[in-house]
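Taking it in order: structure first as structure tokens, then the write-up.
The values are calculated or read from the model by the stated rules, or taken from the named source; none is laboratory data. No experiment lies behind these values; they were computed from the predicted model shown. Cβ: placed from backbone, ideal geometry, glycine included. Neighbour counts: every protein chain shown. Accessible surface is based on the protein model in full, side chains and every heavy atom, while ligands, DNA and RNA are left aside. Shrake-Rupley method; radii C 1.70, N 1.55, O 1.52, S 1.80 Å.
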Amino acid sequence: MEDVLEAVEMSHESLTRLLADAATDAVLVSGAMCIYRVLPILFWRAPSGLYEDVTRSGMWFPETLPNRMREVLEALREVIDPERSEDAPEEIGELYSMASEMVLRFFADGMELNDWSDWCSTLGLDIHQQFDSLLSEGNETTAAVFIPAGTIPDLSPLEGLEISDQISTLVRLGSSDPEVRHSVLEIAEQGNLRTRTALGQVTRFI
């Protein structure tokens, strides 16, 4: 599997191609793992116990997730509280709105599964790019970055980790090995910790 991943370029083009070629179940799980990685944002100052309810053992197993996707996302929809976003600092409110949109778009009329997963992918990358921007602003030693006109900027650090997670998830979901497919949850858990850490750092700056 590592050899396969090494052969894949970590880029938006590779991600777009993998999403377009993925089977329906892989598309669903990929979108769900994007949400799992940003769960700490959705549970910003949420009542105690709610996080444990929606992350209980087995709930996010990729083997069974496609058949219970609506149940999982309905539970998350119940957690979303616009007032928490309004009461939060502006920087957190923007992150909260993007994470909420990842869940809410699943229930939009006429939303195709591929389109929903693509939205989750895009919003997940946007969230990590926003984290990088906020953390850069909070670090007084960070020098300004100038991007020449007509060039495409490199991925920001956390955005780069997120796109790597998304690509690795799709590649692993395409494996015939059940253990490899199951490993996407471990990737999502590491991403979840990354989000929790970044969120904690941002709150110290605002």
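Quick check on Leu95: is it touching a residue at least 60 places away in the same chain (Cβ under 8 Å) and either open to solvent by less than 40 Å² (accessible area, probe 1.4 Å) or on the phi > 0 side of the Ramachandran plot (or both)? So Leu95 fits the description; yes. Screening the stretch 1-116 for helices (runs of 4 or more DSSP H) wholly inside it with 3 or more residues that are within 17 Å of Thr169 (Cβ to Cβ) returns the ranges 2-6, 12-21, 24-37.
Taking the criterion of being in contact (Cβ under 8 Å) with a residue 40 or more places away in the chain and either among the charged types (D, E, K, R) or exposed (fewer than 13 other Cβ atoms within 10 Å of the Cβ) (or both), the residues of the stretch 34-60 that qualify are Arg37, Arg45.
Looking at Leu199, is it in contact with an Asp or Glu (Cβ under 6 Å, 6 or more places away or on another chain), part of a helix (DSSP H, G or I), more than 22 Å from Ser57 (Cβ to Cβ) and open to solvent by less than 40 Å² (accessible area, probe 1.4 Å)? Considered against the rule, which asks whether it is in contact with an Asp or Glu (Cβ under 6 Å, 6 or more places away or on another chain), part of a helix (DSSP H, G or I), more than 22 Å from Ser57 (Cβ to Cβ) and open to solvent by less than 40 Å² (accessible area, probe 1.4 Å), Leu199 comes out as no.
Among residues of the stretch 175-196 being open to solvent by less than 60 Å² (accessible area, probe 1.4 Å) and hydrophobic (A, V, I, L, M, F, W, C), the one that is nearest to Leu134 (Cα to Cα) is Ala188. Taking (1) within 20 Å of Gln166 (Cβ to Cβ); (2) modelled with pLDDT of 95 or more in turn, Phe107 satisfies each apart from (1). Restricting the first member to the stretch 155-168 and to residues that are farther than 16 Å from Ala32 by Cβ and assigned to a helix (DSSP H, G or I), and the second to residues that are open to solvent by 20 Å² or more (accessible area, probe 1.4 Å) and among the polar types (S, T, N, Q), the beta-carbon pairs closer than 7 Å and six or more apart or on different chains are Glu159/Gln129. The residue that is surrounded by the fewest Cβ atoms within 10 Å (Cβ to Cβ), counting only those in the stretch 134-159 that are more than 19 Å from Asp118 (Cβ to Cβ) and modelled with pLDDT of 90 or more, is Pro157.
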